[in-house]
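Once you've had a glance at the structure underneath, I'll fire off some questions.
A short reminder: the numbers here are calculations on the coordinates, not readings from a lab. None of the values given here were measured: they were computed from a predicted structure. A quick note on method: Cβ atoms are made from the backbone with ideal geometry, for glycine too, and the neighbour counts reach across all protein chains shown.
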């Protein structure tokens, strides 16, 4: 895939420009150093010293033989840029992204001759390039080229001076160069290197391994592996998609969504979901089923009923997403669904007509209408009308739903409204008392975008109650002013409900959020927003942002990386929108297919790089699925691979990674701690080590207590296999190979150096134990085994010291980088 | 239990060339003996949401004929501390706070944060720059002083961009820390899971494998970074044992002197325990409640009380622990609040801000620098005399100046991270005690 930036074209050290750094290049650099050949600093000044010397030749040789040397070649400022490349790098990114805030079809400069479109629109680069070219060609009545140069200096410009542009600034010079390029186009710069050139990728089976861990919390089955190994990319897509079932997938979806929505805050007793619904006045049947259970079965069951009901109420917006995915409904229903989802515990509260009220299962989710609220006609628009979502993002009398609008843009359209105007032009303008959000350009930059969407939340009060005051949800402080007329639903001194320059029809007043949901679902940015939302869910990090500071040394590298990412996002969003994503058989806006596309994209499958150096490192900084597993993911992986959770043996349903160590291991509580750690620190690193030390013994004992064909961990070896026989060594090595795959996803041969290492570990521990004549009792000899030996028919004596040696190998595996990261 | 020692780790880093290629703080750490940290202890206190300096350290009184700027000035006047340039509003617990600490503080007023966006304001205040990617001061200090330390940077929220200089940690619950410090010990007794000699063998092989993983030449940058972090974390976790001395059975009751739940108390306690154990250089504390778009005075009063009570507890405990002379504190917020009340009796976002630097026994304290007018607009000051200067030589104080001053006070100026993340602001002689 070629991307619109030349930043990766030159490889530091590649003297002969053949795409690789070899010994021949080192010789070439040496010839340059002694003056008998020529080469630019961008290619041959490896150490960035400003000249090419014999040191650079030595470093080139180091690069050629695979040493990890950083190439710091001086960037070539004279590098050829095509017109579109120049436009993207020098005009759009640093300049027009500021202009487009007002100069867009719905912005406050929409009535001028200078209207651009934002980067969420298809073909925005070409459109905006042509917009300036056309504007520059105006000579009738005004001179367009002159205005392009003078307006951003603040000369007769409603937006004042922008970006500090003066006649002496770099931006000004770049605009002059663009005008020159309109007259003298540069369309070719020779052959460009592809961005992904030199990047190595996971095999299809390795992709499947990772996808299975993330979506299913387990390794692939043999059948799944074979289908992928013997098949093509379509088989890979189908197999990945088939992983997306069951509790592990639902958990993945809901954890990911909660990282944004944070509605799991209401799982906590102190901030429970009953409080969100505001008691029996608002929801008369709020406690009906709990009271019934308590009356029949007693207090303890009543308490359980309370917990299950609270969980059902709190989880409703997350379960909606799970429901949409599981039943292959269009993802647009996240904002358009004319239903909510309920289970047997929440259905009585909402008085849905779903026929599940005699059931007890928490997993039995159905669609239904909220008829439990004290008023009839509760409107539904997916997450937008969820009481939990609305309460998690509350409003105030002066905020007037603007925060909610901000999150709508962020979650569903991928737009950070606050970033529209990170820096004020004139701070004192904020003192404006003439309704500045309507009239002051410094404020309307954001408010013209936010406020119409805020107004569509008009029917919901600050805490999320529908028509809180029966006829409206306006605060009494406002209703006492002259601005209020009886019957108003919204503030008369704010923008009316709408979106994207379109005013909501009057007839939609009772269901304004439904109108908003339907409208944004049709917006071209919706698909792109979904891609970014689920990229962050899958990768555990936000997409790389567009670099904004050209002065930074890594600017061009980061820009190239961003462009490559952007190209992938655009492609995936297009497929998501038109129904060709993934297997392409489940219609438009299919979430599972979107996830399949992300997994098979090079953003995920990139594994390594054959070329390094400062520039290339900046380009690839965000590439590859390199993720520290969250506590929840590590818990699923551990249980899926080991066959049992890491938990106290008397409370196996309360895994330590979800309880006592969750926050230590970078997890969130959705209340005060809402950002996950994405890298290890010293304290975090002790968590998997404790897991390994506690669990290695019970895992080994339980597994060896099974017959060989029923074992997960030791299928190729018996406790009688010792290193002092050839057959024993072979069996041990074969099982080490298996463990490297099973725990670490590595495909190794029995003579691989890593197999040698694990075998050596086994042998060293075994030798120590034999030589030291250590205790052979597995309950307590050589340390406490965290296993209730009375609960099953377990091996208790390690006659050959092999089980304890395998325990050491298991601890080694469980603490490995490849186990705690994916 | 033994883990990879520093000599091994240095060797490991050398093998894979990390000393030359990563921005992580691995270079200096292993050329020096790492004893328990005894250098400056940095604490930042974020008043999140955007505080109102006009009811705190940049008091404004109502001007006849103008719209009301502060309700407290209807019946009261600005308080001035004799012999100090510091003034404060008679509001919340300000009197208690400023009268006690004025000799240990430098108030910086009239800071133009240039934004009214929360995200941008937070970034600007705590990194000194508006563009993304600049580290928080705490990350910078952790990089300079925290090489080889397991918990150099603690955070409780707020701006915590590290720019790859350090990793941060959240440490809020002491009950389970003991079990993590000695991972081979059975909880609740002294039994072990594995013989110590076998644990040593396992860890040696773990680290050998990690070395081999890092030595691969074809690693993607994210792989390289993650492996380096894992190696760094493992190499330094033995030092966590120092925490066993200082850890209480439970943290302080989080109810403050005014009867309010105040998370700053436990945050401050953990910060000082970890710093006192020699494990931590910098901690970010955070308290919210300042985004008072409605009912400003009541809500802001409560938030300010929490803030000043929390800072007071921090200094009291530092005194008690013998750490007060090492403590350097920066108190700040996203931005300020409008100089007028809105229809909901609230105040909205306003870019003009203040900050307070605190340290004991310094000549540059007991002063206020920077200025704003009666409408809380920033005034330019002369970079040398610090007097208000509307002329061409006047400079507007910006967050970068505060951050520069903190870097200077903290001995961070001139370091490699300081050089790598230079702050773009003309010089203003904020710390000169003679002006």
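Do the sum for the protein assembly as shown: with -39,500 (n - 2.57) for every DSSP H run of n ≥ 4, divided by all residues, what is the mean residue ellipticity at 222 nm, to the nearest 500 deg cm²/dmol?
-12000 deg cm²/dmol
May I ask you to derive the FRET efficiency for residue A:485 and residue A:536 from their Cβ-Cβ distance with R0 = 45 Å, giving the value to the nearest 0.05?
0.55
Spin-label point model (7 Å from Cα, Cβ direction): what's the residue B:393 to residue A:470 distance in nm?
So the label points at residue B:393 and residue A:470 sit 7.1 nm apart.
Taking only the alpha-carbon positions of chain A and ignoring solvent, what does the Debye formula give for the base-10 log of I(q)/I(0) at q = 0.05, 0.06 Å⁻¹?
Reported log10 I(q)/I(0), two decimals: -0.35, -0.50.
Once you have the Kirkwood Rh of chain B from its Cα pairs, apply Stokes-Einstein at 37 °C and 0.692 mPa s and quote D in µm²/s.
It comes out at roughly 143 µm²/s.
For labels at residue B:321 and residue A:779 in the simple 7 Å Cα→Cβ model, what's the distance in nm?
For the pair residue B:321/residue A:779, the computed spacing is 4.4 nm.
Can you bin every Cα-Cα distance in the range A:272-368 into 5 Å intervals starting at zero and give me the percent of pairs per bin, rounded to whole numbers?
2, 14, 23, 24, 19, 9, 5, 2, 1
For residue A:477 and residue A:580 in one chain, what is 0.36 nm times their gap in residues minus the Cα-Cα distance, to one decimal in nm?
Difference between extended and current length: 31.9 nm.
Still on this model: Where does each of B:136, A:187 land when they are ranked from fewest to most other beta-carbon atoms within 10 angstrom?
Sorted ascending by nearby Cβ count, the order is A:187, B:136.
Kindly identify the range B:224-278 as rounded, prolate or oblate by the Cα gyration tensor criterion: order the square roots of the eigenvalues as a ≥ b ≥ c, call it rounded if a/c is under 1.5, otherwise compare a/b with b/c, prolate if a/b is larger, else oblate.
It is prolate, given that a/c is not under 1.5 and a/b is the larger ratio.
At a Förster distance of 60 Å, what's the computed FRET efficiency of residue A:130 paired with residue B:249, Cβ-Cβ distance as r, to 0.05?
In this case the efficiency is close to 0.30.
Next question, about the same structure. Tell me the label-point distance for the pair residue B:238, residue A:727, using the 7 Å Cα-to-Cβ offset, in nm and rounded to one decimal.
A separation of 4.4 nm, rounded to one decimal place.
Still on this model: So how much slack lies between residue A:112 and residue A:509, counting 0.36 nm per residue of separation and subtracting their Cα-Cα distance, in nm?
139.7 nm
Arrange the peptides A:583-591, A:527-535 so that the one whose residues have, on average, the most other Cβ atoms within 10 Å appears first.
Ranked from most to least packed, the peptides come out as A:527-535, A:583-591.
Also, quick follow-up: Where in the range A:779-810 does the amide nitrogen come within less than 15 Å of the point 7 Å from the Cα of residue B:186, taken along Cα to Cβ?
Residues A:779-790 fall inside that zone.
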